[in-house]
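The values are calculated or read from the model by the stated rules, or taken from the named source; none is laboratory data. Being a predicted model, the structure only gives us computed values, none of them experimental. No Cβ is skipped: glycine too gets one built from the backbone with ideal geometry, and neighbour counts run over all protein chains shown. SASA here: full protein model, heavy atoms, side chains in, ligands and nucleic acids out. Shrake-Rupley method; radii C 1.70, N 1.55, O 1.52, S 1.80 Å.
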Amino acid sequence: IWQRMIDLLDLHKHFILTHLGPGDVAVDFTMGNGHDTEFLSRTVGPAGHVYAFDIQEQAIESTARHLKEAGCPENYTLIHASHHLVKDYVKEPFRAGMFNLGYLPGGDKRITTMRETTMPAIAAAIDLMAPDAILNIAVYPGHAEGEAEGKMICEYLEGLSRHKVCATLVKILNSPTSPFFIMVETKPPKSV
Ligand code: SAM
């Protein structure tokens with residue numbers, strides 16, 4: 001299969017950059033090896049802040065090392081806890097949040113995101129969104145839990161009021177097991 005001109009999971013960064021800038025607050029709900037945390041840290045700069053979550057000690061260590069080596073500003077808090085507990089740690093609204101679901105690349109494939117924590121985490125994340133904010137969710141339907149997780153998330157978001165959020169699906173229709181992503185956006189302060 002030929003490579004797409006634009007990688008779908010790079011495209012979500014484009015959408016994040018339409019909401020996030022210097023001085024903002026961002027949350028990485030699945031830090032893994034810290035590549036998304038790095039992107040968020042650079043985008044919000046020294047005046048902003050990034051909170052990042054993972055349940056694996058290995059991810060915290062790997063991300064801490066990665067952010068130092070990459071020369072990121074010291075604007076981040078790495079949290080060793082499940083993302084569904086986000087409200088215990090993040091007390092301010094955020095402008096961008098990222099969920100990159102599934103398992104840690106190069107790690108234990110049995111430790112994957114699971115519906116029973118992913119769903120309350122997404123609900124809590126939506127509560128914490130500032131006006132004109134974005135929440136991006138990358139889903140990997142190529143494994144059984146990922147497929148079920150994706151369906152449940154889509155059903156949940158389909159039921160939310162358009163007065164509250166706009167939820168968009170970006171998916172390759174003729175490649176059903178390829179990763180896809182979902183954007184949840186809140187309206188800017190002055191729009192009706
Ligand atoms: N964003 C990462 C990067 O740039 O390297 C990749 C994330 S990886 C696909 C998914 C991560 O989610 C894994 O590191 C896994 O440990 C983590 N995870 C699984 N369940 C979690 C939970 N309940 N709360 C927080 N992180 C979780």
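If you filter segment 25-51 down to residues that are within 9 Å of the ligand (Cβ to nearest atom) and in contact with a Phe, Trp or Tyr (Cβ under 6 Å, 6 or more places away or on another chain), you find that the one that is farthest from Ile122 (Cα to Cα) is Thr30. Given the conditions (1) surrounded by 15 or more Cβ atoms within 10 Å (Cβ to Cβ); (2) among the charged types (D, E, K, R); (3) without any contact (Cβ under 8 Å) to a residue 12 or more places away in the chain, report the number of the one that Lys190 does not fulfil. For Lys190, the exception is condition (1). Applying the set (1) among the small types (Gly, Ala, Ser); (2) open to solvent by 20 Å² or more (accessible area, probe 1.4 Å); (3) under 15 Å from the mean Cα position of the chain (by Cα) to Ala47 leaves exactly one unmet item: (3). You will find that of Lys87, Lys68, the residue that is under 18 Å from the mean Cα position of the chain (by Cα) and open to solvent by 60 Å² or more (accessible area, probe 1.4 Å) is Lys87 and no other.
Each residue in segment 142-175 was checked for being over 18 Å from Ala123 (Cβ atoms), among the hydrophobic types (A, V, I, L, M, F, W, C) and in a helix (DSSP H, G or I), and 1 pass. Against the numbered list (1) open to solvent by less than 10 Å² (accessible area, probe 1.4 Å); (2) more than 15 Å from the chain's Cα centre (by Cα), Cys166 comes up short only at (1). If you scan segment 90-108, which residues turn out to be open to solvent by less than 50 Å² (accessible area, probe 1.4 Å) and of a type in the set (Gly, Ala, Ser)? Within segment 90-108, Ala96, Gly97, Gly102, Gly107 meet the criteria. Whenever a residue of segment 156-168 is hydrophobic (A, V, I, L, M, F, W, C), its partners that are open to solvent by 80 Å² or more (accessible area, probe 1.4 Å) and part of a helix (DSSP H, G or I), lying with C-beta atoms within less than 9 angstrom and at least six residues away or across chains, give the pairs Ala167/Glu158. For segment 71-84, a residue qualifies if it is surrounded by fewer than 17 Cβ atoms within 10 Å (Cβ to Cβ) and touching a Ser or Thr at 6+ places or on another chain (Cβ under 8 Å), and exactly one does: Pro73. Among the residues of segment 58-113, those that are in contact (Cβ under 8 Å) with a residue 40 or more places away in the chain, more than 8 Å from the ligand (Cβ to nearest atom) and within 21 Å of Ile153 (Cα to Cα) comprise Val86, Lys87, Phe94, Arg95, Ala96, Gly97, Phe99.
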